[in-house]
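Asks: What follows is a structure written as C-alpha cells; I'll ask about it next.
Just so you know, all these numbers are worked out from the coordinates, no wet-lab data involved. The model shown is predicted, which means the values in this text are computed figures rather than measured ones.
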C-alpha cells in the first residue's frame, strides 16, 4: 500500500474541508475519534459478524470495503493531526474471530483517544488493518477503494454534503 500517497491525499482533503468550513484553528481530534468509532460501528453492522440472532447475510463485499475505507480516512486524518506517520504492514496477533477483532479495534481507538501516543496510534492502525485482512481485503483493494472514496468525498464537499 502506498501510504505516502494516501497521506498526501488525506492531507489535501483535510485542508480542503478545514478551509471550506472555517475549521483551521479548531481542535478536531475528539470529533475525528468519534467519527472513527461510528465508521467502525457501521462497518460491523455491514458485516453482521456479531448478529447471532439473525440469519440475514452480510452486505456485499464492495459495501463492506467502502465502510472499511471510511475508517482508513479518519485514521489517516488522526495521524496527520498528531504528526504520526502510519506503517502499513500487517503484524501478527489478530483475534480468533472477526467479532473479537472489532472489539480490539474499538479498544485500540479508545486507548489512542485517551493517550494520544504514537504507540497507541500504531496499535490502532494495525488492529484496523488486521480487521481488513480478516475481512479478506488486500492492500490493493484498500488503496483502490480509498482512491474512489476520496473522489466521492471531494464531490460531496462541492455539493454541500
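Asks: Taking Cα atoms, how many degrees apart are the long axis of helix 98-115 and the longest axis of the chain, rounded to 10 and kept between 0 and 90?
Replies: For helix 98-115, the angle is close to 30 degrees.
Asks: If one takes the longest principal axis of the Cα atoms in the chain, at what angle in degrees, from 0 to 90 and to the nearest 10, does the Cα axis of helix 139-158 lie?
Replies: That works out to roughly 50 degrees.
Asks: Rank 98, 38, 140 by mean-square fluctuation in a GNM of the chain with C-alpha springs under 10 angstrom and give only the top-ranked residue.
Replies: So, out of 98, 38, 140, the one fluctuating most is 140.
Asks: Picking from 122, 16, 73, which is most flexible by a Gaussian network model of the chain using Cα springs under 10 Å?
Replies: 16
Asks: Looking only at 36, 135, 76, which one moves most when the chain is put into a Gaussian network model with springs between Cα atoms under 10 Å?
Replies: Judging by the Gaussian network model, the answer is 135.
Asks: On C-alpha positions alone, give me the angle between the axis of helix 29-47 and the longest principal axis of the chain, in degrees, nearest 10.
Replies: Result, in degrees: 30.
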